[in-house]
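Here's the structure, in C-alpha cells; my notes come after.
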Amino acid sequence: FRSGVVFRRSPAERLTVTGGRAAGAVLADGTGVGADQVVLAAGSLSGRLAGLPEEVLPPVRPVKGQVLRLTVPPAYAPFLSRTVRAVVRGGHVYLVPRENGELVVGATSEELGWDTTVTAGGVYELLRDAHELVPGITELPLTETRAGLRPASPDNAPLLGPTALPGLLLATGHHRNGVLLTPVTGDAMAEALTTGELPEVARPFAPGRFASAGAAPVSALQEQSA
C-alpha cells in the first residue's frame, strides 16, 4: 500500500466481465480484484489474457529484442557520460551508461514470434553497430546477454483508450518506445480514467483505428466514467 494505492504482486490471469462490462480481474494466486474500470497494459501478452471477448482482443504481436550489458573497468572510466542513440546500417542502436559502471547496448528488432533465444548473430550485430559509434566498446567485458519481447501494434504505434467493452481500456503496443513513452502514456490514461476523455495528443492512438481492437467512440468512454 503506497500513496493510497494497493499493489498486488501477482499477475492477472483472467479478465472479469459482469453484466456486459469489465469488472476486474482474477490474479494468478486466485484472488479476485474488482474495479469500475480496467486498463489492460500487459505488454506483448495483452492479447493473451483469458476472459477477453474476441471482439476486443488487442491486435498486439511480440517483437524480439536482444540486449547486451557490458562492464566499464575503472581503467576505462569514464567511458560514456550520456546516452548515445543512432541508426547504423538502417537499424536502431543505443548505448546507455549506468551509474554502477554498466553499459547497456540494444536492441535488435526481430519478427520471430515468441522466441526469446539469445543468438550469436544478434550479439555480433549489436557489438558491430556499437563499435561503429564507439570503437573502444570491444575492449569491455561482456557480462550479460538477454532477449525480451516488445508489444507491437499493426502500425507499431501505441493502443490507448477505450474498447467496445465498457470499462476496459488499453495501454499497450508501444513497440520500441515503451519506456520513453511511459510518462505521456500515464498522463493520457489518467486523464481518460478521471475525466472520461482522452487528451487530444492521444486520440490518434485510439484502438478504433483497427477493427479488431473493438474500440468505442469517445462518447462511450465518457459513459464509462460517469
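The values are calculated or read from the model by the stated rules, or taken from the named source; none is laboratory data. Keep in mind that what you see is a predicted model, and the values were worked out from it rather than measured. Neighbour counts are summed over all protein chains in view; Cβ atoms, including those assigned to glycine, are modelled from backbone coordinates with ideal geometry.
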**OP:** List the number of the failed condition for residue 101; all other conditions in (1) at negative phi; (2) surrounded by 15 or more Cβ atoms within 10 Å (Cβ to Cβ) hold.
**Re:** (1)
Subject >> Looking only at region 57-111, and only at residues there that are of a type in the set (Gly, Ala, Ser) and more than 30 Å from residue 47 (Cβ to Cβ), the one that is modelled with the highest pLDDT >> reply: 86
Original post:
For region 82-91, does any single residue satisfy the condition of being touching an Asp or Glu at 6+ places or on another chain (Cβ under 6 Å) and not assigned by TED's automatic domain parsing to the domain that holds residue 191?
Top reply: yes
